[in-house]
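Asker: Right, I'll just put the structure down here and ask away after.
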């Protein structure tokens, strides 16, 4: 996603807010959220990642979430996957790493080295909330703006 430019995919330059409005205007919290989404979509983003980060920041603001968001590219890091993970976690003052790969065959970090650096590796065990959606049947993989538009 980091390297995807809106020049490569012109339809991503300004996402069609009319489609979002058409699909969600009857959602209970649409009138609160649509101005945030529309403002983000109204910007010319050269990179898709910039659009996504702006949307994330807007939604975090709506939810009063003040957690700072930084890109790894803004922080010094080098070496293999384990070195980079340790350096990035320490750079933001973290002491936990949340992974979705625990219990899988994917081994992308040396957990012993991570632990020796004082970082706890925790397993992400996300259970998608089953909430009422604008349209049925329930679709568990909808985007981040869908849940607050319907649930608030």
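The numbers here are math on the coordinates, done by the rules we state, and not lab data. Because the structure is a prediction, the values reported are computed rather than measured. Because the Cβ atoms are built from the backbone with ideal geometry, glycine has one as well, and the counts that use them run over all protein chains shown.
Asker: Taking neighbour counts of Cβ atoms within 10 Å as a proxy for exposure, in what order, fewest first, do 77, 43, 51 appear?
Answerer: Fewest to most other Cβ atoms nearby, the residues stand as 43, 77, 51.
Asker: When the Cα atoms of the stretch 21-99 are enclosed in a convex hull and the volume is divided per residue, what value in Å³ results?
Answerer: 145
Asker: Grab the beta carbon distance between residue 18 and residue 56, set R0 = 22 Å, and tell me the FRET efficiency rounded to 0.05.
Answerer: 0.45
Asker: Turning to a different aspect of this structure: Once Rh is set to the Kirkwood radius over Cα pairs, what Stokes-Einstein translational diffusion coefficient, in µm²/s, holds for the stretch 72-123 at a temperature of 20 °C and a viscosity of 1.002 mPa s?
Answerer: 190
Asker: Give me 113, 18 sorted ascending by neighbouring Cβ count inside 10 Å, so fewest comes first.
Answerer: By the 10 Å Cβ count, ascending: 18, 113.
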